[in-house]
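Laboratory data are not the source of any read-out in this text; all were calculated from the coordinates shown. Small disclaimer: the values here were computed from a predicted structure and weren't measured. All Cβ positions, even for glycine, are placed from backbone atoms using ideal geometry, and neighbour counts span all protein chains on display.
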Amino acid sequence: MNDQALRDLLASLSLEEKAGQLAQIPLTVCTGSMSDPTGPLMELHLTPEQVPLCGSLICVEPGNAEVFARVIREMTDKHPHHIPPVLMRDMIHGTRTIFPIPLAMGCTFDEQLAERMARVTAAESAPTGVHATFAPMVDVVRDPRWGRVMESPGEAPALCAAMGAAMVRGFRGEGLDKPGTQATCVKHYAAYGLCEAGQEYSPIDVSRAELYNVYLPPFRAALDAGCDMVMSSFEAVDRIPCVCNRWLLRDVLRDWWGSDAMTISDYADVGQLLFHGLCDELKDAAALCLEAGMDMDMMSAAYNRFLPDLVREGRVSEALLDEACLRVLQLKNRLGLFEDPLRGASPEAQAEALARSEHREAALQAALRSCVLLKNEGVLPLKSGVRLALVGDHADERNLLGGWAGDGVPAETECLREALSRDERIVLTSPEEAEVILYAVGEPAAETGEASSKAHPCLTDAQMAEWRRLHALGKPVVAVVFAGRPLMMADALPLCEAMLYAWFPGSMGAEAIRRLIMGDASPSGHLSMTMPRCVGQIPIHHDRLTTARPQSEQRFTNRYLDVPSTPLFPFGFGLSYTDFALEDAALSAPVLRPDGEAAVEVTLRNTGACHGETVVQLYARMKQGSILRPERQLIGWKRVALDAGESLRVSLPVTQDMLALYDARRTLLPPRGDCLLAVGTDSTAPWSLTLRCDA
Ligand code: GLC
């Protein structure tokens, strides 16, 4: 449909029909089935006549092309203008083939892999009839107590931006008019990751400077990559809930960024204004949110019930309704829904997409690159013929998928015992008979994701007691840890000779771990979040702002009396079975000008005995400026694979854009003066180069 036809369609709609387009209701209303919602169950007070007018469906039930197609067809048929609903679902790290959780994908530092993950997810989701995914999640996360850190690419804004943009490209493929693609919705706008004390839905306070420099850039990157929608966060900025925050929804999104992306509330968040005490009536909440720039109301049924009257009463302008409605229609048009509401979905297409072996291969490659080897005292890789005891509550656990696992079926997922039993080089035996003990331990998948905050993100007492018992046997212990967040591992670390942090590695996780521990592949994940020593250090991240009193032996410095200031493992850390050396770091040019580019060039040499991959990371720090800057900041990286003895000259570009900052008034402060640069394989790399930034 061309734009004029779309506008003609809009002009022909009644107030009820326009307001209906702005409502997202659950698919269950149409199917009568019951599924666990992703928020509180609620009464939507929808009349049977209102249902087909609703513009969108949120679906939490398993992908089912037959059911979804029936509902989409029925709603389209019943709509007076035959406008199809847009069907949205949370496809975060896979549809049926589940990839490692996004935090683990962050550990790959591999945008191409993230793009591939999204491409595969879309290829499996689109044939079920789903049109759009509530992804990518790009909240910058620094608090492991918060269960949703698993959904984010991690603590570094640049990494969140790059991975988020890559996912948008992957989901959207060659364009939404092509089959096997999904529209995208970047979330949660903004600063959700700041949840006070890591507690879900707790309030936050954030400065403008932090928003501009830390929390907003990943959203802008996703939008620049073509993201279709933006979901508001449950938080408030400047004490104004994001769902009705005009500054975020209009000033920043529309006026500053020039984005035309559709905005959508989070689950029931329009109605939640009543709980915040901003409104007495749902009707007032509808007016407030629409005026602020919120286009679609997810799961409050406030817009469709009250906007028509609000317009008739002159309390809300029809132009606002039109503006929001047009964006919904434009999204549907981009998806080609007016021509084919199903976009090729069918049970056959669904079955065909699920059977593709290349999807499992892609998930395996992602799992291989996302596990992080934190410790290895010569025990890994295991030797062929090893007598191995496999113990721990995750040894037989099939749910290695983690939270938000779409249609992933734990019962169909291989557990570690099955994967290891298949390997002829391993003799599984009891701890008493074994040469090496593999302790598979961690948190349950159900304790990750939304509403999974923990004041003690730690292993349980029983898990620790078992670990001590195994350690006391006096044999090497290899720990494989499954978790949706950095758990506090300081007490456990001395109880093992090797630790592989596997996160939730997805459908192919057990196979990936088998290959890694047997040395068929070398671990190459690098931490996307700092691992604290203890809860009291949280939040701890590599890019905190400078302190004027860095830690020293003196009393009045930035330190704790009871623990070191350093983390257990720094951001970017990850071991390999081989060794890498970085040599001859040099700048391509000594001076960087506003439109110019300089590069840090460094030779990476594999000095060990086997093939391996690592992530070369570039950190920067400006020596002068008019506002505080991070102590160091990740500005670039490259994942490199090298055979034993091989070397490669790696080039990491630097531009002034990467170093520029905004002040609280949104004035862009270009970098001026000396910039220290460090290149290494984790965030403790020493400063080795100085680049001069000139006007
Ligand atoms: C939630 C989440 C959001 C999700 C939505 C729909 O409560 O915060 O991430 O996309 O509901 O399921």
| remark: So, over other residues within a Cβ distance under 12 Å of Arg172, counting Lys, Arg +1 and Asp, Glu -1, the net charge is 0
| task | Give the long-range amide H neighbours of Phe569: residues separated by 5 or more places, or on another chain, with amide H under 5 Å away, using H modelled in the peptide plane at 1.01 Å from N. | result | Met531
| message | Please give the Cα centre distance for segment 423-450 versus segment 273-309, rounded to the nearest Å. | response | 50 Å
| From phi via Karplus (6.51, -1.76, 1.60), per-residue ³J(HN,Hα) for segment 229-246 in Hz, x at Gly/Pro | 9, 10, 9, 6, 8, 5, 7, 10, 10, 6, 6, 10, x, 4, 5, 10, 8, 4
| said: Ignoring solvent entirely, what values of log10 I(q)/I(0) come out of the Debye formula for segment 642-695 at 0.14, 0.15, 0.25, 0.31 Å⁻¹ when each Cα is a single scatterer? | reply: -0.55, -0.61, -1.09, -1.21
| field | the chain: translational diffusion in µm²/s, Stokes-Einstein, Kirkwood Rh over Cα pairs, 4 °C, 1.567 mPa s | value | 49 µm²/s
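Counting alpha carbon pairs within less than 8 Å and at least 6 residues apart, what relative contact order, in whole percent, applies to the chain?
For the chain, the relative contact order is 14 percent.
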| Taking the Cα-to-Cβ direction at Ile627 and at Lys78 and moving 7 Å from each Cα, how far apart do the two end points lie in nm? | 5.1 nm
| query | When all C-alpha to C-alpha distances in segment 112-216 are sorted into bins of 5 Å, what percent of pairs does each bin hold, rounded to whole numbers? | reply | 2, 14, 21, 20, 16, 12, 9, 4, 1
| note | Non-local residues with an amide H under 5 Å from the amide H of Val237, with H modelled 1.01 Å from N and Pro and chain starts lacking one, are Cys242
| note | Between the modelled labels at Leu668 and Ala589 (7 Å from Cα along Cα→Cβ) the distance in nm is 1.8 nm
| message | Please report the spacing between the Cα centers of segment 553-587 and segment 139-171 in Å, no decimals. | response | 22 Å
| In percent, how large is the relative contact order of segment 431-482, given Cα pairs closer than 8 Å and 6 or more residues apart? | 68 percent
| So how far, in whole Å, is the C-alpha centre of segment 173-201 from the one of segment 673-692? | 32 Å
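Rounded to the nearest 5, what % of DSSP beta bridges with both residues in the chain are antiparallel?
55 percent
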| query | What are the residues whose amide H is under 5 Å from the amide H of Gly519, where those residues sit 5 or more places off or on another chain and H is modelled from the backbone? | reply | Leu382
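What's the local net charge at Gln50, with K and R +1, D and E -1, over the other residues with C-beta under 14 Å away? Before the final figure, lay out each step's value.
Details: positive: Lys18, Lys78, Arg305; negative: Glu16, Glu17, Glu43, Glu49, Asp297, Asp309.
Spelling it out: positives minus negatives among the neighbours equals -3.
Explain nothing, just the number: relative contact order of segment 215-275, from Cα pairs under 8 Å at least 6 residues apart, as a whole percent. Working shown, then result.
On the way: 49 pairs, mean separation 23.8, N = 61.
Here the relative contact order equals 39 percent.
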| remark: Plugging the Cβ-Cβ distance of Asp396 and His611 into 1/(1 + (r/R0)^6) at R0 = 30 Å yields, to the nearest 0.05, a FRET efficiency of 0.40
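Counting Lys +1, Arg +1, Asp -1, Glu -1, what net charge surrounds Val237 among other residues with beta carbon under 10 Å of its beta carbon?
Working: positive: Arg208, Arg239; negative: Asp205, Glu235, Asp238.
For residues surrounding Val237, the net value is -1.
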| field | Qualifying lysines (Cα of each under 20 Å from Cα of Lys383; at least 8 residues distant if same chain) | value | Lys375, Lys475
| Straight-distance crosslink candidates among lysines, where the alpha carbon sits under 22 Å from Lys283 and sequence neighbours closer than 8 are dropped | Lys18
| request: Any aspartates and glutamates with Cα under 13 Å of the Lys638 Cα? List them, leaving off those in the same chain fewer than 8 positions away. | output: Asp110, Glu111, Glu601, Glu613, Asp682
| said: What are the ³J(HN,Hα) couplings of segment 330-336, residue after residue, when phi is run through the Karplus curve with 6.51, -1.76, 1.60 and θ = phi - 60°? Round to Hz, x for glycine and proline. | reply: 5, 4, 4, 5, 4, 7, x
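Suppose every K and R has +1 on its Cβ and every D and E has -1 on its Cβ; what is the size of the dipole of segment 73-141 about the Cα centre, in Debye to the nearest 20? Write out the running numbers ahead of the final one.
Numbers: 6 positive and 8 negative charges, 48 e Å.
Rounded to the nearest 20 debye, it is 220 debye.
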| query | In sequence order, what are the phi-derived ³J(HN,Hα) couplings for segment 97-106 according to the Karplus relation 6.51 cos²θ - 1.76 cosθ + 1.60 with θ = phi - 60°, rounded to whole Hz, with x for glycine and proline? | reply | 7, 9, 8, x, 4, x, 4, 6, 4, x
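First check a/c for segment 566-642, with a ≥ b ≥ c the square roots of the eigenvalues of its C-alpha gyration tensor; if it is under 1.5, answer rounded, and if not, answer prolate when a/b is larger than b/c or oblate otherwise. Provide the component values of the computation, followed by the final result.
Details: a/c = 3.05, a/b = 1.51, b/c = 2.03.
Oblate, because a/c is 1.5 or more while a/b does not exceed b/c.
Would you work out if segment 536-695 is rounded, prolate or oblate? Take a ≥ b ≥ c from the square roots of the eigenvalues of the alpha-carbon gyration tensor; rounded if a/c is under 1.5, else prolate when a/b is larger than b/c, oblate otherwise.
Oblate is the answer for segment 536-695, as a/c is 1.5 or above yet b/c matches or exceeds a/b.
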| message | Taking a ≥ b ≥ c as the square roots of the Cα gyration tensor eigenvalues, with a/c under 1.5 meaning rounded and otherwise prolate when a/b beats b/c, else oblate, which class fits segment 74-169? | response | prolate
